[in-house]
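The values are calculated or read from the model by the stated rules, or taken from the named source; none is laboratory data. Note that this is a predicted model, so its numbers are computed, not measured. Note that we place each Cβ from the backbone using ideal geometry, even for glycine, and neighbour counts take in every protein chain shown.
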Amino acid sequence: MKTITSVRVDGCLCTGHKLCLPEAPEVFSFDPVRDVAFVMPDACLNFATSAQGIYAAAAVCPMDAIVINDREPERVT
């Protein structure tokens with residue numbers, strides 16, 4: 001598993017399924033006004049200890065809205 005240096009949620013792709021939240025609750029939160037998930041401020045402090053959850057969150061996101069290390073998700077079809 002690669003070291004995580006950055007995580008973001010693409011607000012244009014996120015449609016509010018909230019599947020990422022239980023995978024890494026110390027990293028992701030939800031904005032009910034905009035109906036999108038987001039990476040919490042200072043979440044970078046948890047990237048090392050939450051890497052498995054972050055990768056799991058990206059895997060379960062049906063919209064591929066979670067971007068890790070500035071790389072677009074790669075789906076296996």
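Only one of the numbered conditions (1) part of a loop (DSSP other than H, G, I, E, B); (2) in contact with a strand residue (DSSP E or B) (Cβ under 6 Å, 6 or more places away or on another chain) is violated by residue 3, and that is (2).
Pairs meeting the criteria (first residue in the range 52-71 and buried (at least 20 other Cβ atoms within 10 Å of the Cβ), second residue assigned to a helix (DSSP H, G or I), beta carbons under 7 Å, at least 6 apart or on different chains) are 66/57; 66/58. Scanning the range 47-77 for residues that are modelled with pLDDT under 95, over 15 Å from residue 1 (Cβ atoms) and either among the hydroxyl-bearing types (Ser, Thr, Tyr) or not in a loop (DSSP other than H, G, I, E, B) (or both) gives a single hit, 77. The sole residue among 42, 10 that is at pLDDT 95 or above, of a type in the set (Asp, Glu), under 10 Å from the mean Cα position of the chain (by Cα) and surrounded by fewer than 18 Cβ atoms within 10 Å (Cβ to Cβ) is 10. Filtering the range 22-44 to residues that are part of a loop (DSSP other than H, G, I, E, B) and closer than 14 Å to residue 63 by Cβ leaves only 35.
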